[in-house]
Every structure is written in structure tokens, then in C-alpha cells.
Amino acid sequence: MAKVALVAALLALAGCGWFAERWEWNQKLTVEVLVDGETVSGAAVSYVRWQEANALDHYPTAYRGEATVVDLGERGLLFALIGEPTKYIAGYTLHEELGERRSDYETLYPKIASFRGVREVAREAYPLLVTFTDIADPATVRRVDPDDLVDTFGPGVALKRVTLEITDEAVTEGEVEAVLRWLGEYPETPLGRSPDSFAPVFAATVNNGNFVRR
């Protein structure tokens, strides 16, 4: 009976992830923008962790970091947000090069964790891009079309490319808080609603945690 109890306890611990294999890496997202023919860029490093399937056949995951900020000068600030896609962007970007399907987590993610290098992110894997019409008012958040930055920032502005690097650099801290001083401590809190006709619904779908998650 003691042996049965011990085995049951070990299985329970395994189901909780005590002995599960984990794959983790830091990834740097860089956004390059052309402004009147000159390239400006911003970059941020996030941490991603995946764990092998548990007893429920779920793959526990985690991430932390902050959004990428690109300063366009008088045109404003462009943000590439973090969130659920943060955990998948490396798989989208590297799976073909590493010879794996995106769904084969237990063979793909160990390879990503040991990979080092910079690769361009495919258009379909871009993070959500946003800006603010009033940087002091979170409810003025506005979606930015990566194929049409002119519509948001005016003539002469275009997205050049987005790159991802699996890196040994430390997770970025403090850059977003320096420009968004209203950020709260609760990541699930939505940015709110805006009086214009477009932003109310969108502002309610963007959270503090899309800008900073520790």
C-alpha cells in the first residue's frame, strides 16, 4: 500500500509540473519604421516558457516582458503589444527553418530554446500595433494597420520590417512605464472607453498587461 501511495503521489506531482520538462528562452522583438526615408526602430526583450503536456494534455505556458516602443518623433509613439501571441511568435518564425511543424511543441520548442539568431517575422505573425492620440489618456488607444501607417501617422511613414531574435539579453524593463505613466498594477484592467466612434470597443479589448507583464 505504501508503494501504491508513493506512486500516486509521484504521478500527482508530475501532473502539477514538478517533474515536467520545460523550454524557455528570451526573445527580442525589433520594429523598424521608415520616417521620411530614415529608419527608426525600437526593441524589447520578453521571456517565454513552455512546459510539456500535463495530465490533462495541456501545455502550461508563461511569458513576461513589455511592449516594443518606437519613437516616431513628432509623429508620435508606436507600440507593438505583448500578449497571448507572444508565446507563439517564435514558433511561427522559426518552425520551418528548424524542420518542425508549429503544433509539434515537444520537438519544436527545445530547438527554439537552443537557437540563436535574428529572423524576420512573417506578416501573419505580427504583434498588434497601436498608438495613442493622447499619450496621457489610455482610452485614446488606436489600432495601427501595419500595411498603412500613413493613415495613422501621416505621409512618409511606413513599416519596414519586424524581426525576432532568440537572445541571451535580459528582459527589458522600464521603457514602457517611462512613457505610459498611468499604467496600473493589474494587467487584466482594460484601458477604458473613448468618446470617439471607433475607439470605445477597441479600447476595452486592450489591457494594461498588453504593455507590461512582470
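The values are calculated or read from the model by the stated rules, or taken from the named source; none is laboratory data. Model, not experiment: these values are computed from the prediction. Because the Cβ atoms are built from the backbone with ideal geometry, glycine has one as well, and the counts that use them run over all protein chains shown.
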remark   = Restricting the stretch 33-62 to residues that are crowded, with 20+ Cβ neighbours inside 10 Å and not β-branched (V, I, T), the one farthest from R142 (Cα to Cα) turns out to be W50
inquiry  = Quick check on L98: is it closer than 25 Å to S41 by Cβ and among the hydrophobic types (A, V, I, L, M, F, W, C)?
reply    = no
ask   = Can you tell me which residue in the stretch 137-158 is nearest to V31 (Cα to Cα), limited to those that are under 18 Å from the mean Cα position of the chain (by Cα) and of a type outside the set (K, R)?
value = P146
query = Given the structure, is T172 within 30 Å of W23 (Cα to Cα) and part of a loop (DSSP other than H, G, I, E, B)?
reply = yes
ask   = Mind checking which residues of the stretch 48-83 are touching a residue at least 60 places away in the same chain (Cβ under 8 Å) and within 15 Å of the chain's Cα centre (by Cα)?
value = Y63, R64, G65, E66, A67, V69, L78, F79, A80, L81, I82, G83
ask   = Out of (1) of a type in the set (K, R); (2) modelled with pLDDT of 95 or more; (3) more than 16 Å from N210 (Cβ to Cβ), the odd one out for R102 is which?
value = (2)
inquiry  = Looking only at the stretch 107-146, count every residue that is touching a residue at least 60 places away in the same chain (Cβ under 8 Å), more than 19 Å from N208 (Cα to Cα) and not hydrophobic (A, V, I, L, M, F, W, C) and tell me the total.
reply    = 2
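Each row is one residue, and each column tells you yes or no for (1) on the phi > 0 side of the Ramachandran plot; (2) of a type in the set (D, E); (3) surrounded by 15 or more Cβ atoms within 10 Å (Cβ to Cβ); (4) at pLDDT 95 or above.
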| position | (1), (2), (3), (4) |
| --- | --- |
| D71 | no, yes, no, yes |
| L78 | no, no, yes, yes |
| I82 | no, no, yes, yes |
| A113 | no, no, yes, yes |
| R119 | no, no, no, yes |
